[in-house]
């Protein structure tokens, strides 16, 4: 069997697992505000269980609401009334032979007072998190003992609800991690100071759970084997913690890394390679005799198999991969790995949560909306629909309409599918976006319902010839070119020209535009040795990016010596310089530039729109053809319109 290691049965304590794939905890904010599991969160986990994963670890579950609420609609295990809904969740997951743990968590200092009714956040010690920037109140000894009881109570509730085990979240800088680390634990009572004191809270919780829940109830602990901050836990500390936790009686250790202040090591942007954390899992696995789960930024089955083969871990944790494609495991098992909808590492999921929304995924518009899309209306009856444009919007529309039983005919004027993805995959460190594009194309080309016509520029007559019941215009956009003096100079080119290799930027380069395309083009040129200055008229660059993605990029900018100028508008272009105007002071200045790269976004290409409205009854405009946006805008609109088109017939 291909991927033999992935599909080898596994064991954690008394628990038998059908494969070695674990979906680790990720906050989703889909539960009721009172902590009960509703149909939204149940269906979300059920879809992943149906997709074949061996073990699911739920999102962070609060063990007390006063100071322990971390996200708006978070699971809870602190009131008896929450048990029945948790039982329904466990039962729905178990239907597919998948096991489930309830992850018990308290945010500690990595929280906001706004999440807990304005009360001051609490922590082992009054050490402010540099990210949340709120000073916590130090917990009293009695409060710590009450928290121990709360964690034990949460485990008892999980067992009563039929869960297979619990996971104690002692990673990522949350409360239990804060006790373990000398970086955040400055206490002088029995829970601070020496290693034995700092880990005492874990010993008391684990001993209590084992006493209350019995020897067969599985206990997992997630740790940050390296916090990646000065003065924090290092790998040798993580290994010592893992050994000690094993001696306390846990059944499995889940290896992660980082705290909020090193957040890119927790949830990696696209620039991080698959498997970059393998040294952490390897070190812990060598030190303990219990099974090891490890997170390693895995997107592809090949990487998962390699990590298992090389004894990095006993079980691979795939988080965002399961947001992007709930069928990751099943597709791998039946030889359809090339059709896995790939996570692109954009962190739109976490941006959605941080803005107060539930979990969403840029490349899977049904993530977090499983209830809405539970029953897709399949009334296409083989009727043809025309889709004009083979970019992300056009391909997503084709797949959605095919699923409903329509027969999409996809017109693409170029000789290959991909649209703007063929440009977007070219910058430095964008391999994951290319993998996503390839998976879309694989699904399109293997779908017998979809006819693809390449090198075919559609017009009214060619569309009429297929007699479609609907027309979807997804012709994308074209670069915006400002009408300013010097714009036609030989030293001026677009970001697309540069990325596709049509023109070469040399010497001192001014990249005009601080959106994602400008940022990535500037970095690509910097990596090639150009002296790059990025110019943006607004006060910030990368406004659509998740903060840690931008921080990660700016760190690389610093190493490359790329200069960023904000609040500067391009006024004119000369042979060896550009003229800029400061948008605050209106002062003019010169910037030396041998090459000028324009990256000001795109304008819609929708010349067919009016003619289509005049000749066809059902016409829809998608993606950049309607309004310039991101991949998430294209996929969400295409899936939404494709799902509702003629659904009420």
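Within region 540-575, the residues that satisfy the criterion of being free of Cβ contacts under 8 Å to residues at least 40 places away in the same chain and farther than 25 Å from residue 262 by Cα are 565, 567, 568, 569.
Residue 496 fulfils the conditions (1) surrounded by 21 or more Cβ atoms within 10 Å (Cβ to Cβ); (2) more than 30 Å from the chain's Cα centre (by Cα) except for a single criterion, (2). From the list 486, 513, 477, exactly one residue is surrounded by fewer than 24 Cβ atoms within 10 Å (Cβ to Cβ) and touching a helix residue (DSSP H, G or I) at 6+ places or on another chain (Cβ under 9 Å). Which is it? None of the other options fit; the residue is 477. Applying the condition of being out of contact with any strand residue (DSSP E or B) (no Cβ under 6 Å at 6 or more places or on another chain) and surrounded by 22 or more Cβ atoms within 10 Å (Cβ to Cβ) to region 44-65 and asking which residue is nearest to residue 316 (Cα to Cα) yields 52. Taken together, the residues in region 6-65 that are within 11 Å of residue 99 (Cβ to Cβ) and assigned to a helix (DSSP H, G or I) amount to 1. Scanning region 186-222 for residues that are closer than 15 Å to residue 168 by Cβ, buried (at least 20 other Cβ atoms within 10 Å of the Cβ) and touching a residue at least 60 places away in the same chain (Cβ under 8 Å) returns 217, 218, 219, 220, 222. Going through region 334-353 one residue at a time, which ones are in contact with a helix residue (DSSP H, G or I) (Cβ under 8 Å, 6 or more places away or on another chain), more than 17 Å from residue 630 (Cα to Cα) and not in a loop (DSSP other than H, G, I, E, B)? 337, 338, 339, listed by residue number.
For region 250-267, the set of residues classified as out of contact with any strand residue (DSSP E or B) (no Cβ under 7 Å at 6 or more places or on another chain) and either buried (at least 24 other Cβ atoms within 10 Å of the Cβ) or more than 22 Å from residue 21 (Cα to Cα) (or both) consists of 260, 261, 262, 263, 264, listed by residue number. Taking the listed residues 323, 318, 308, the one that is closer than 30 Å to residue 557 by Cβ and at pLDDT 95 or above is 323, with no other qualifying.
State whether the residues of region 102-119 include one that is touching a helix residue (DSSP H, G or I) at 6+ places or on another chain (Cβ under 9 Å) and either outside the structural domain of residue 220 (by TED's automatic domain parsing) or surrounded by fewer than 24 Cβ atoms within 10 Å (Cβ to Cβ) (or both). Yes: one or more hits. Remark: pairs (first residue in region 622-644, at positive phi; second residue part of a helix (DSSP H, G or I) and surrounded by 22 or more Cβ atoms within 10 Å (Cβ to Cβ); Cβ separation under 8 Å; 6+ apart in sequence or on different chains) = 623/392; 623/393; 623/394; 623/634; 623/637; 623/638.
The rows are residues; the columns are (1) farther than 16 Å from residue 600 by Cβ; (2) free of Cβ contacts under 8 Å to residues at least 40 places away in the same chain.
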{"site": "482", "(1), (2)": "no, no"}
{"site": "493", "(1), (2)": "no, no"}
{"site": "506", "(1), (2)": "yes, no"}
{"site": "511", "(1), (2)": "no, no"}
{"site": "515", "(1), (2)": "no, no"}
{"site": "520", "(1), (2)": "no, no"}
{"site": "528", "(1), (2)": "yes, yes"}
{"site": "532", "(1), (2)": "yes, yes"}
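Apart from one condition, residue 608 fits all of (1) farther than 30 Å from residue 341 by Cβ; (2) in contact (Cβ under 8 Å) with a residue 12 or more places away in the chain; the exception is (1). The helices (runs of 4 or more DSSP H) located wholly in region 380-498 that include 1 or more residues which are over 26 Å from residue 549 (Cβ atoms) occupy 392-403, 431-446, 460-464.
Each row is one residue, and each column tells you yes or no for (1) outside any loop (DSSP other than H, G, I, E, B); (2) farther than 20 Å from residue 630 by Cβ; (3) at pLDDT 95 or above.
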position	(1), (2), (3)
514	no, no, yes
519	yes, no, yes
522	yes, no, yes
526	yes, yes, yes
533	yes, yes, yes
541	no, no, yes
544	no, no, no
548	yes, no, no
553	yes, no, yes
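The values are calculated or read from the model by the stated rules, or taken from the named source; none is laboratory data. These figures come from a predicted structure and were not determined experimentally. Backbone-built Cβ (ideal geometry, glycine too); neighbour counts: all protein chains shown.
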